[in-house]
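What follows is one structure encoded as structure tokens, with my remarks underneath.
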Ligand code: MG
């Protein structure tokens, strides 16, 4: 089958380019190249030992940020192909979307944001951009991975006004301009944002039940899950619990994927954008139907109440936040406790740059590295 990109997709030959110009590759498009650079980065490898809900050592079967990113990329590519969007760009953005996450998921980010309050805060989307623009040290001539504008635009999916102003000052009309002047990113970027939510809702259901913190019986209160489960049981009344969970999660994913494809196709048919420039001027086109949005909100509400605020999760995350805060305090007062290269970035800099170097170091840590460092520096073991 010959696969042709839609006119409104990102076409590599129309790229707005890289911050440091490079010669074209003989065999790969710019977006394939972006994806390859991401896969070979250190930050990408570290995703294997970072978690979102469950701390890495709690069980080998739970998702890590690496497996989450692969699932997001799989969902993204499959929808991209069906909408004739650029799969390589979608894959690149999806694989990079969590590179800026701290250890210990959102709890870690909250703690680090608190530590950085005086110095502009800490925000994981912005940090993902910082990783690919500045923190990776792989190329002789520049810092960062030197990704295409379109990949960077997709990675910066949210941004506060204050941060956007700072990026805009360095890069006028660049990736932050839309947060100041309105407008949407490419359809590929819009898609990655949405498949992230599809992936984590489904896998938190799966891992949540597997962990025993929530049960399939409780999930019957959630209409979208109840509907998928009822379909499975109607077809396979004798199914054991494990297969019932897998098949329910599979249908949960499919129902959301088909909903996005149908809703987005209808929006594209109505708007008929001529190209990606037209897409940027239109309202958001990649979306769930109103019905599915309501169903997903119910599911998220359930997960918040029953899983993310489960006493066991809350207790683990409180300890994780203490690890982050104490590490921050120690490195702030004694930068020499960090590895030499990182200490050198903090040394002699003003207080804001010093704090940022500390935050970059902590954000780059895996869960287990953070725990080991904390034990080395304090002699205490907060999470066994
Ligand atoms: Mg994610």
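Just so you know, all these numbers are worked out from the coordinates, no wet-lab data involved. None of these values were measured; they are calculated from a predicted model. Reconstructed Cβ throughout: ideal geometry from the backbone, glycine too, with neighbour counts over all protein chains shown.
Report, in deg cm²/dmol and to the nearest 500, the calculated mean residue ellipticity at 222 nm for the chain, where each DSSP H run with n ≥ 4 adds -39500 (n - 2.57) and the sum is divided by the residue count.
Numbers: 19 runs with 232 residues, N = 384.
Taken over the chain, the calculation gives -19000 deg cm²/dmol.
Expressed in nm to one decimal, what extension gain is obtained for the pair residue 241 and residue 271 from 0.36 nm per residue of sequence separation less their Cα-Cα distance?
Values: separation 30, 0.36 × 30 = 10.80 nm, distance 4.47 nm.
Residue separation times 0.36 nm, minus the Cα-Cα distance, leaves 6.3 nm.
If we count other beta carbons within 10 Å of each Cβ, what is the order of 369, 200, 8, fewest first?
369, 200, 8
How do 350-357, 236-243 rank on mean C-beta neighbours within 10 Å, highest first?
So the order, starting with the most tightly packed, is 350-357, 236-243.
At 7 Å along Cα-to-Cβ for each site, give me the label-to-label distance between residue 221 and residue 347 in nm.
That separation, rounded to one decimal, is 5.6 nm.
Answer rounded, prolate or oblate for the chain, using the Cα gyration tensor with square roots of eigenvalues a ≥ b ≥ c: rounded when a/c is under 1.5, else prolate when a/b is larger than b/c, else oblate.
oblate
What order do you get for 180-190, 66-76 when each peptide is scored by the mean count of other beta carbon atoms within 10 Å, highest first?
Taking the mean over residues of other Cβ atoms within 10 Å, the ranking is 66-76, 180-190.
When 155, 38, 93 are ordered from fewest to most other Cβ atoms inside 10 Å of their Cβ, what list results? Walk me through the numbers before you get to the answer.
On the way: 155 30, 38 26, 93 35.
Neighbour counts put them in this order, fewest first: 38, 155, 93.
Within 10 Å of each residue's Cβ, count the other Cβ atoms and sort 381, 50, 345 from fewest upward.
Listing 381, 50, 345 from fewest to most nearby Cβ atoms yields 381, 345, 50.
Build a GNM of the chain with springs between Cα atoms under 10 Å: which of 341, 349, 111 gets the top mean-square fluctuation?
Highest fluctuation among the options: 341.
Find the relative contact order for region 29-312 and round it to a whole percent, using C-alpha pairs within less than 8 Å whose residues are 6+ positions apart.
On the way: 374 pairs, mean separation 47.7, N = 284.
It comes to 17 percent, rounded to a whole number.
Between residue 22 and residue 134, what is the spin-label point distance in nm, taking each point 7 Å from the Cα along the Cα→C-beta axis?
The two pseudo-label positions are separated by 2.1 nm.
Starting from the coordinates of the alpha-carbon atoms of region 303-384, obtain the Kirkwood hydrodynamic radius over all distinct pairs and give the value in Å to one decimal.
Numbers: mean 1/r = 0.0730 Å⁻¹.
So the Kirkwood estimate lands at 13.7 Å.
Alpha carbon centre of region 306-330 versus region 107-182: separation in Å?
Computed from Cα coordinates, the inter-centre distance equals 25 Å.
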